[in-house]
1. Leaving ligands, DNA and RNA out of it, work out the accessible area of B:MET1 with a 1.4 Å probe and give it in Å² to the nearest 10.
2. Could you tell me how many degrees, from 0 to 90 and to the nearest 10, lie between the Cα long axis of helix B:166-183 and the main elongation axis, the longest principal axis, of the Cα atoms of chain B?
3. Quick one: compute a quarter of the convex hull surface over the Cα atoms of the range B:113-171 and quote it in nm².
4. Interface size between chain B and chain A, please: total buried accessible area, 1.4 Å probe, rounded to the nearest 100 Å².
5. Can you tell me the FRET efficiency between B:VAL70 and A:ASP169 if r is taken as the Cβ-Cβ distance and R0 is 51 Å, rounded to the nearest 0.05?
6. Tell me, what is the per residue accessible area of the range B:221-350 in Å², probe radius 1.4 Å?
7. Can you give the Rg to Rh ratio of the range B:250-305, both from alpha-carbon atoms, with Rh computed by the Kirkwood formula?
8. Considering only DSSP beta bridges where both residues belong to chain B, give the percentage that are antiparallel (nearest 5).
Amino acid sequence: MADAAVQDRILLPSEPKASLLKSRGMVGFLFMLPALAFLLIFLTYPLGLGVWLGFTDTRIGRDGIWIGLENYQLLWEDSLFWLSVFNTLLYTITASILKFALGLWLALILNEHLPFKSFFRAVLLLPWVVPTVLSAIAFWWIYDSQFSVISWGLIELGIIDTPINFLGDMENARASVIAANVWRGIPFVAITLLAGLQTISPSLHEAATLDGATGWQRFRHITLPMLSPLIAVVMTFSVLFTFTDFQLIYVLTRGGPLNATHLMATLSFQRAIPGGQLGEGAAIAVAMIPFLLAAILFSYFGLQRRKWQQGGAD
Amino acid sequence: MASVEIRDVRKAYGSQQVIHGVSIDIQDGEFVILVGPSGCGKSTLLRMVAGLENITGGEIRIGPRVVNNVAPKERDIAMVFQNYALYPHMTVADNMAFSLMLKKAPKAEIAEKVNRAAEILGLTPLLDRYPRQLSGGQRQRVAMGRAIVRDPQVFLFDEPLSNLDAKLRVSMRGEIKALHQRLKTTTVYVTHDQIEAMTMADKIVVMHDGIVEQMGAPLDLYDRPVNLFVAGFIGSPAMNVLEGTIDSSGFRVGNMVLPVQSAPAASVGRPAYYGIRPEHFQLRADGMPVEVIVVEPTGSETQVVARAGHEEIICVFRERISARPGETILVAPDPALVHLFDRDSGRRIN
């Protein structure tokens, strides 16, 4: 005991460094350092580099010089850029609405008492588990102008006479890539919403049944409002993933035919890497930021805890 | 308001039968409590009355109508759930108004009914709050308000007080009883708490393993339990039960003889159980000696755990007792209040 007291007295006037290391805040900061370094190297640096490149005329193999907003001025007058903006918005909005509707519907079905329920839940995840490139190659065959299984089936059934030109026609190509994206994105929406559905107490549905609610009224007045905070989260992520989609398009159409499926991400890549115009490509990528920010802000307000989720003030 | 008639009702999940032919008559305006240990089928029976569970066999009538195949919302009943089942995204007022809104009742009528119910339950200042902002007791009251506004034929309560603390439970017990006296709506109430049953019910139905053990007024069940199960379940602390044989001089447990006022002549010499409630012991100079193990004074009474022969008994006395553990006191059971049960069947024999 006496020894310990002496030790304490010796340690007390020690250097500030030791006490700094002992403080909780410092320890916490040290633990965060690896994550911080990771974020700086792999997130902040590339993003900053991208923004900077957008203001230069850098080409592959040649350092650029600062040209201000010239890249953006060029893009402003570039009809292909505006087509890619239109394509991206069409792609994102249509695919997100479909993913939401179909995902919610699947989640509702899987929330019922079905035979082989866990089997169906596992199968549902498959499109999400398969690497995008692999599923895109599968779709490439499904959409093949000669060997498409869909065309074959429809011809066998006598519904059509000639194979459908899935990826060669502008409208068909847009619909086809959207369908492939929806197929891939549904599991994420469905599984997340299913998890949300399972947190809704069955007694709420029983109470509503006794209150006289029909199935539709229970969905409308109980399920949907209680699911809405989760829907906001899921759809924000879904919109962000869809807006920045690259792999699927690049494998299926590379932006064709006639640039009908060129998204901002694919156009940015095409200009920057095969085209060599790093500065211009970066400018297109930077032009996506306002759209993404808008989506995030929208969800930020949508995500704010509803009044009913807040605890008592008194 | 309406009577409820439960006639030989059975419930099976697959091959597993959980309710084996239960018949209960509930009069118009009566407050009936189904009580029993967990898993006895009382909640299942209530949910069958509500229409939340299918009826495997038998018949349930609400008023003159057989409701076996009537949808829950057509049965004109209201239910209060154990977890209250309030809609978290609706205010107190909206929670109460929900059923009327679905019926497309005029706004003025909804407001009037909600305000009236809120007044009865003291919820008026809370109408704009969300369930999260309420205490347990307030939520319980909102759940009752939701039932009241519908003005149903029958109220069903499924363990409504289980989630409240002990003090609140006592006051809510009084409130529910007062509410019933005011509205006089037929009520079926499920609980596992026999004190709730004793204090609130007009009629208690004791259930065990899917059958009705006994049905009757609270004090009848207390004074004349028909079998060992009811004897042990009703009353707190529980009845003392000693195993022995009936003989001509009384009831023999080991080398003790306990007094019995009257036993049927045919039962003499038979193995049986001797039941005596803790409060039916008296301190008497001619009593039997028992060794005190624990003394628990509650202020209004004193509970003594003691050893009589090889058996442990609990006695409750109105008077204060200064005995210490290890000392011997003299206690005598009141022979007029002794319950005798057959050892094999557990049925009452006196």
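The values are calculated or read from the model by the stated rules, or taken from the named source; none is laboratory data. This one's a predicted model, so the numbers in the text were calculated from it and none came from an experiment. As a convention, Cβ positions derive from the backbone with ideal geometry for all residues, glycine included, and neighbour counts pool all protein chains shown. For accessibility, only protein heavy atoms count, side chains too; no ligands or nucleic acids. Shrake-Rupley method; radii C 1.70, N 1.55, O 1.52, S 1.80 Å.
1. Per-residue accessible area (B:MET1): approximately 110 Å².
2. Taking Cα atoms only, the helix is inclined about 60 degrees.
3. In nm², the orientation-averaged hull projection of the range B:113-171 is 4.4.
4. 2200 Å²
5. 0.35
6. In whole numbers, the range B:221-350 has 50 Å² accessible per residue.
7. 1.03
8. Among the beta bridges of chain B, antiparallel pairing accounts for roughly 75 percent.
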